[in-house]
Amino acid sequence: MTACHVCTRAGREQGPLCSDQEKAGFARLNVFAARFFRDRLSGSWVPRYLEDRGFTPAVRGRWQVGYAPATWGALTRRLLGLGCSDTLIEQSGLGRRSGRGDLIDTFRDRAMFPVRSANGTLAGFIGRAPEDAAPGVPKYLNSPASCLYNKGMLLFGLWEAREALAAEARPVIVEGPLDAIAVTTAGQGHFVGVAPCGTALTVPHISALSRVADLRSAGVLVAFDADPVGQRAAIRAYDLLSPFTGNADTVDFQPGEDPAQILAREGPANLAGLLAGRTRPLADMVIDSEVDRWDRWLRYPEGQIGALRAAAPLIAAMPPAHVARQVARLAARLCLDHATVTGAVTDALPQVLPARTAHQRLPQRQERV
């Protein structure tokens, strides 16, 4: 590949917004970088690492996994040799300035996972550090923000899952790229994994997913880690998903479990079985997590009433189709009669109606592509 193929149409100074020609130029740079990384996969630690995690060579090929060498400037030197300017390499996110001002590679000694936008453009990369990386080295490193790479809008795995989603596969929102690959590998067309790129889940993420999948019909699974951070993220996901689908479930992982670990330890059949069977409505998690905060006081009437007052607004804010189930569950959990819980939920409506109305104004379903 010559300099004119890689570096043209993307060389002038620019802001965060780029013309179509500039975007195409940066995409070509990313395609070149992806090939550069793939060519250096053999002989690195990455194939053995992925094999130990249950990913075959065919899976590595499908996801175009590569390796960024553990040198300061292997890629940038190659790009400079092709005629790319320092400014262009920095703007693309493939290079950055060191503390001394030298141009160095953004990604070094990492397993490299290309990230594509919904239309297939190679927007950037996620790099995974080796298990024995030095303390303080981030496990995952994303491409810097650019006119192509917007973490708040891109979902890793969405482009690769487009055909399965069009055929009514169920999307599974996970935390990272290895989890997404594990779900899609084990799902065999029934489940596909998608993951935010180093940021919290957003409405634009769900909107992008809804343009590819019929979320009302297929529903959504949320498969975040079972730690407190993962639970909080899953609860927040419920609020984001509710305007798009009433069919959102969560996977009941044990502490320390995630899809990639289950694939490595138990194999694809067990992971697929877990996704199909060890789930519960995400709305249940929302209410249970709030009531759990009162667990030590639930033996006392005051604790039961406190938990009721805390959970009632959450139920009142839910879509109407979810309310009856949560009222019944809360009454059983708190040993209160149905009428008392219903009354508390009704009393909470005035404080949540504005938020519910705002949610209902969000697009209920995007036109699929």
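The values are calculated or read from the model by the stated rules, or taken from the named source; none is laboratory data. Just so it is clear, the model here is predicted, and its values are computed rather than measured. Here the Cβ positions follow ideal geometry from the backbone for every residue, glycine too, while neighbour counts run over all protein chains shown. For accessibility, only protein heavy atoms count, side chains too; no ligands or nucleic acids. Shrake-Rupley method; radii C 1.70, N 1.55, O 1.52, S 1.80 Å.
Couple of notes before you dig in:
- Selection of first residues in segment 116-137 that are open to solvent by 60 Å² or more (accessible area, probe 1.4 Å) and of second residues that are at pLDDT 95 or above and outside any loop (DSSP other than H, G, I, E, B), restricted to Cβ pairs under 6 Å at least 6 apart or on distinct chains, gives the following pairs, ordered by first then second residue: Ala118/Ala208.
- Among the residues making up segment 335-369, a single one is modelled with pLDDT of 95 or more, assigned to a loop (DSSP other than H, G, I, E, B) and among the charged types (D, E, K, R): Asp337.
- Selection count, segment 302-335, where residues are under 29 Å from the mean Cα position of the chain (by Cα) and over 14 Å from Ile287 (Cα atoms): 2
- Single unsatisfied condition, Ala213 versus (1) surrounded by fewer than 24 Cβ atoms within 10 Å (Cβ to Cβ); (2) in contact (Cβ under 8 Å) with a residue 12 or more places away in the chain; (3) not polar (S, T, N, Q): (1)
- Where Gln254 falls short, out of the listed (1) part of a helix (DSSP H, G or I); (2) open to solvent by 30 Å² or more (accessible area, probe 1.4 Å): (1)
- Only listed residue being crowded, with 18+ Cβ neighbours inside 10 Å, part of a helix (DSSP H, G or I), out of contact with any helix residue (DSSP H, G or I) (no Cβ under 8 Å at 6 or more places or on another chain) and not polar (S, T, N, Q), chosen from Ala272, Ala186, Ala233: Ala233
- Restricting segment 37-54 to residues that are open to solvent by 10 Å² or more (accessible area, probe 1.4 Å) and part of a helix (DSSP H, G or I), the residue that is nearest to Phe125 (Cα to Cα): Arg38
- Odd one out for Trp159 among (1) over 16 Å from the mean Cα position of the chain (by Cα); (2) modelled with pLDDT of 95 or more; (3) open to solvent by 40 Å² or more (accessible area, probe 1.4 Å): (1)
- Tabulated pairs, segment 333-354, first touching a residue at least 24 places away in the same chain (Cβ under 8 Å) and of a type in the set (A, V, I, L, M), second part of a loop (DSSP other than H, G, I, E, B) and surrounded by 13 or more Cβ atoms within 10 Å (Cβ to Cβ), C-beta under 6 angstrom, 6+ apart or interchain: Val352/Ala317
- Scanning segment 88-115 for residues that are touching a Gly at 6+ places or on another chain (Cβ under 9 Å), open to solvent by 50 Å² or more (accessible area, probe 1.4 Å) and either over 19 Å from Arg40 (Cβ atoms) or hydrophobic (A, V, I, L, M, F, W, C) (or both) gives a single hit, Asp102.
- Some residue of segment 219-230 being part of a loop (DSSP other than H, G, I, E, B) and either touching a residue at least 60 places away in the same chain (Cβ under 8 Å) or charged (D, E, K, R) (or both): yes
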